[in-house]
């Protein structure tokens, strides 16, 4: 299964300034870039729930032209959580208490559904009075239009377009546009590999989509096309993409057979056409299947 937190933390740690530039340009006006440092993860224990939580990313930086510092708390969330606003407030309160510095809280949501707008505040209120109003910024990728980021000369845009609101028919084009943008950035090999791997993880294409993807690449100008083809060739040579997808498919087929019985050839063909991301979604969804009709209905929802 994909380790979403690891992938996002690696991306955001490597390109933290670029993330801020892309989504919060107003912060760059007062954040001294050369003073950015990452604080070791903070572990908070929720005694009432019997659970431990770790902050994703805490950055310390100085106000430009001043001697005072502040924190940026950036929390990535790969799944929907009903009480996430309370969690953000708890993180804020404990960071503020421990470091005695102003804390700028940001939540980055990368799940595919639901697409309803996430809450960006936590409130404690009475009929006659608001006791607490805690606000935080929200970046909800499944509500962002990838087309609005095509011209952003920013490596974070190149990566995160792969997780924005994408119609199924647009998946090949989005993947090609992510790589086209990456090719124009002229990053060093290590950073290029980081972003290209991120894109490929979240935009795995089936055979039909792959044909469209190759057609899109063929229309690039020669210099960009050369860089993109080098990236694609490295994927193919590694065999990682096909190997992971085939392995996931075999496991899912075995689980479906145990749960539903023999899978018809028609359904098997549809399963082979699923991307790795959809296969991983199916691995979770099939736990609730009881009949073949449940599988058919799920496949229809993915179209």
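The values are calculated or read from the model by the stated rules, or taken from the named source; none is laboratory data. Since this is a predicted model, take the numbers as computed values, not measurements. For neighbour counting, all protein chains shown are included, and Cβ atoms are generated from backbone atoms with ideal geometry for every residue, glycine included.
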Given the conditions (1) surrounded by fewer than 22 Cβ atoms within 10 Å (Cβ to Cβ); (2) in contact (Cβ under 8 Å) with a residue 24 or more places away in the chain; (3) within 24 Å of residue 108 (Cβ to Cβ), every one holds for residue 216 apart from (3)
Residues in the range 250-285 that are closer than 18 Å to residue 297 by Cβ and part of a loop (DSSP other than H, G, I, E, B) total 5
Among 78, 93, 125, the single one that is in contact with a strand residue (DSSP E or B) (Cβ under 9 Å, 6 or more places away or on another chain) and touching a residue at least 24 places away in the same chain (Cβ under 8 Å) is 78
Would it be correct to say that residue 52 is at pLDDT below 95, outside any loop (DSSP other than H, G, I, E, B) and surrounded by fewer than 18 Cβ atoms within 10 Å (Cβ to Cβ)? yes
Among residues of the range 78-106 being in contact with a helix residue (DSSP H, G or I) (Cβ under 6 Å, 6 or more places away or on another chain) and modelled with pLDDT of 95 or more, the residue farthest from residue 162 (Cα to Cα) is 103
When you look at residue 132, is it under 27 Å from residue 102 (Cα atoms) and more than 17 Å from the chain's Cα centre (by Cα), yes or no?
yes
*asked:* Going by what's in this entry, would residue 109 be described as in contact (Cβ under 8 Å) with a residue 24 or more places away in the chain and either closer than 22 Å to residue 61 by Cβ or in contact with a helix residue (DSSP H, G or I) (Cβ under 7 Å, 6 or more places away or on another chain) (or both)?
replied: yes
